[in-house]
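Down below is the structure, laid out as structure tokens.
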Amino acid sequence: MSPKDAKKHIYKHNFMQYAILLGMLFSISYVFYSFIIPSAVEGAVVSLFKPEGDKDLGNFDGVRAMGSQESSRYVKGGPLKGMINTEFIFDFTTVHRTEEKDGYSKHSDEWIVKAPKLGEEAIVLQPALGFSILAFVFGAGLSLMLSMIMPSAIGYMAFKVDREIGHTKSKIRLQTGFNDDIVNVLTMSEKELEASDRDHIAKVFRYVWDRTEPEEDVTGKQGIKFHAVFDENVDIIEFRNEVLYLRIKEFFSDFVMKEIIDTKEAQSYSRNRLKFLRGLRLYMSHHFTEKYANNVTGLAYFGAAILIIIIGVRGLKFIPPTRPSMILGAIFLEGSMLGLLAFSLVYTEEEERMDRMLKKMEDASRNQLETLEDVSKDMHKMSVALVEGNSDLIKTKVNQAVTEYLSNPNNLRGELADELGKIVMNALSKGITTGMSK
């Protein structure tokens, strides 16, 4: 494999990661859809609409209903007609029911809820239409979380977080100008920093200290020297976390400092996958919210649009009140999109305070003006020197060039000699012509 292909392989997901993620997604969604959601909905509905007083609901092969006088003769798997009181029916099973056999009708993919508080007619729920989105959301969230706990070789999100650690380090290098060694020292854990060579760490700290000299000190004021605050008695962990981090934050920005801290925390996740919340913060704060913020907002508006349309259709009586599954599906869709938007906002970095940004802009502008003033003074001095000494400089240069040319014997024997010969021959010819005329 060539170096280019190897680098591409490092930053690209493999088939195993996609296969495991999709397998977990469908498996978990199926479990939620088939077992957890029916039990949860049944428990909520029964607790809300069960008979008041001392009346209890019986269980007839999963059908919660009030038993009739003949209910004692009920045989498991037998017909329900005559065995139950149809005033209260809570049927969340997948059994097909008919009016002739059971006293009420429903398809195998429907749920029946009937109680006096809900009206005379039974409420028909279609779980595929009303609760499949909810099951998919639970399956997606849980499968993504489990993929973070797995090794990056097979975990989809684990691979993404490990890749984002490298990307964030690259961004820190570009934003600060520090090399790999300095960035590694700034982002390494406290244990690694304490175990590192102190002399090497001191050199790195000194470079960062000098590099982050405040702007007001550069323009004339004497800043605090590194040796005045760092010696052999200073705790390097406390110095980095309390002093050097604050200096980097003031010189660069809060966002750069946040990248350094989040990268340091995320690297502990690489060593212990159970600390997945630290890795999730790095991925969400410095990748997902930056790249997909508009997509999430668009999905939230899209879900709201669908919900408005469904409610409008319901208002036109095209959706009967006894079949609210489509409305439930739209509600769960919009709720999921709003939940994703809220989750993204939790990890969205706050904008830097305006007064701090203006202060930094003011300092930068003042330094640029002072630099321009120094440059203009130097240019003025240079122009004055050129004007005043221009003639003398030209004479000197011309004399040097003529002297150098004449001092070369080859030049005298060459072109200059030819010119002198022509002058002599012209003078002789003129003299001979003048003598003959006389």
key: Set of the stretch 124-156 residues, backbone N closer than 16 Å to the point 7 Å along the Cα-Cβ line of Ala44   = 124-139
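How much length is gained on full extension from His167 to Ile306, taking 0.36 nm per residue of separation minus their Cα-Cα distance? Don't skip to the answer; put the middle values down first.
Working: separation 139, 0.36 × 139 = 50.04 nm, distance 3.73 nm.
46.3 nm is the gain from fully extending His167 to Ile306.
Which of the peptides 251-262, 116-127 is most tightly packed, and how do the rest follow, going by the mean number of other Cβ atoms within 10 Å of each residue?
On the way: 251-262: 18.4, 116-127: 14.9.
Going by the mean number of other Cβ atoms within 10 Å, highest first, we get 251-262, 116-127.
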ask   = What pairs from Lys225/Lys264; Lys203/Lys225; Lys169/Lys275; Lys203/Lys275; Lys160/Lys191 go past 22 Å between their alpha carbons?
value = Lys225/Lys264; Lys203/Lys275; Lys160/Lys191
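How large is the translational diffusion coefficient of the stretch 158-346 in µm² per second when you combine the Kirkwood radius over alpha carbon pairs with Stokes-Einstein at 37 °C and 0.692 mPa s?
Details: Rh = 20.0 Å.
For these conditions, the coefficient is 164 µm²/s.
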key: Overall form of the stretch 45-89 per C-alpha gyration tensor (a/c, 1.5; a/b vs b/c)   = prolate
task = Any chance you could check the Cα centroid distance between the stretch 72-147 and the stretch 271-298 for me, in angstrom?
result = 39 Å
Ranked by how many other beta carbons lie within 10 Å on average, peptides 41-47, 73-79 from highest = 41-47, 73-79
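Quick one: net charge of Ser152's neighbours, Cβ under 10 Å, K/R +1, D/E -1? Please list the in-between numbers first.
Values: positive: Lys160, Arg163, Arg273; negative: Asp162.
With Lys, Arg at +1 and Asp, Glu at -1, the neighbours total +2.
Throughout, read-outs are computed from the coordinates displayed, never taken from laboratory work. No experiment lies behind these values; they were computed from the predicted model shown. In this analysis, Cβ positions are derived from the backbone assuming ideal geometry, glycine residues included, and neighbour counts consider all displayed protein chains.
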